[in-house]
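Visitor: Next up is a structure, given as structure tokens.
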């Protein structure tokens with residue numbers, strides 16, 4: 001990171017339950033948009049899960065395939081669990097749904113709770129407020145819906161961060 005960017009950067013953490021479907025997809029989609037916007041030095045993007053079920057595992061193969069069809073790469077992802085230090089490190093901790101939002105609020109120190117929110121609150125013209133979990137048996141259409149919602153929210157979030165950064 002160059003010295004001009006230091007101190008201005010924004011850090012975004014996407015969170016779902018196991019960190020193998022929705023949040024790594026959000027990380028990959030948003031990271032690609034950040035890169036295409038030339039903002040890699042100003043916006044740091046990661047993902048994590050509220051549960052430790054899949055720590056160290058790669059992204060779900062169905063998520064990887066759906067993402068790859070749209071040009072996103074999840075092949076190098078390794079699941080991790082949210083840590084208390086994440087609430088201080090990240091400016092925005094964005095949950096995929098209300099259940100994970102509630103779990104984050106329980107773990108987050110009170111003074112930092114304003115950093116937590118729902119990812120889809122950044123999506124314009126989207127009726128849904130939660131990114132549904134495609135893990136259990138919804139087929140390819142569930143993973144495609146997840147990508148649609150994540151792309152919409154990513155566009156809105158990137159526009160918001162660009163305004164904050166004056167870019």
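The values are calculated or read from the model by the stated rules, or taken from the named source; none is laboratory data. The structure presented is a predicted model; accordingly, all values stated were derived computationally and were not measured. Note that each Cβ is placed from the backbone with ideal geometry, even for glycine, and that neighbours are counted across all protein chains shown.
Visitor: I'd like the full set of residues that are touching a helix residue (DSSP H, G or I) at 6+ places or on another chain (Cβ under 9 Å) and either over 21 Å from residue 87 (Cα atoms) or surrounded by fewer than 19 Cβ atoms within 10 Å (Cβ to Cβ) (or both), limited to the stretch 34-43.
Guide: Within the stretch 34-43, the subset touching a helix residue (DSSP H, G or I) at 6+ places or on another chain (Cβ under 9 Å) is 34, 37, 39-40, 42-43.
Residues satisfying the conditions are 34, 37, 39, 40.
Visitor: If the requirement is being under 28 Å from residue 42 (Cα atoms), free of Cβ contacts under 8 Å to residues at least 24 places away in the same chain and loosely packed, with under 15 Cβ neighbours inside 10 Å, which of these qualifies: 124, 114, 160, 164? Break it down stepwise before answering.
Guide: Working: 124 fails: free of Cβ contacts under 8 Å to residues at least 24 places away in the same chain; 160 fails: free of Cβ contacts under 8 Å to residues at least 24 places away in the same chain; 164 fails: free of Cβ contacts under 8 Å to residues at least 24 places away in the same chain.
Criteria check complete, one pass: 114.
Visitor: Checking the conditions here, which among 29, 45, 12 is in contact (Cβ under 8 Å) with a residue 40 or more places away in the chain and within 12 Å of residue 94 (Cα to Cα)? Show your work before the answer.
Guide: Numbers: 29 fails: within 12 Å of residue 94 (Cα to Cα); 45 fails: in contact (Cβ under 8 Å) with a residue 40 or more places away in the chain.
Of 29, 45, 12, the one residue that is in contact (Cβ under 8 Å) with a residue 40 or more places away in the chain and within 12 Å of residue 94 (Cα to Cα) is 12.
Visitor: Tell me whether the stretch 54-68 contains one or more residues that are assigned to a strand (DSSP E or B) and either over 17 Å from residue 104 (Cα atoms) or modelled with pLDDT under 95 (or both). First the steps, then the outcome.
Guide: Applying the first criterion (assigned to a strand (DSSP E or B)) to the stretch 54-68 yields none.
Scanning the stretch 54-68, I find no residue that is assigned to a strand (DSSP E or B) and either over 17 Å from residue 104 (Cα atoms) or modelled with pLDDT under 95 (or both), so the answer is no.
Visitor: I've got another one for you. Give 74, 94 a once-over and let me know the one that is touching a residue at least 60 places away in the same chain (Cβ under 8 Å) and outside any helix (DSSP H, G or I). Don't jump to the end; show me each part of the working.
Guide: Values: 74 fails: touching a residue at least 60 places away in the same chain (Cβ under 8 Å).
94 is the lone residue from the list that is touching a residue at least 60 places away in the same chain (Cβ under 8 Å) and outside any helix (DSSP H, G or I).
Visitor: Next question. With respect to residue 48, is the statement that it is buried (at least 22 other Cβ atoms within 10 Å of the Cβ) and part of a helix (DSSP H, G or I) true?
Guide: Working: buried (at least 22 other Cβ atoms within 10 Å of the Cβ): yes; part of a helix (DSSP H, G or I): no.
So residue 48 does not fit the description; no.
Visitor: Which count do you get for residues in the stretch 99-142 that are assigned to a helix (DSSP H, G or I), out of contact with any strand residue (DSSP E or B) (no Cβ under 6 Å at 6 or more places or on another chain) and within 12 Å of residue 17 (Cβ to Cβ)?
Guide: Here the count works out to 3.
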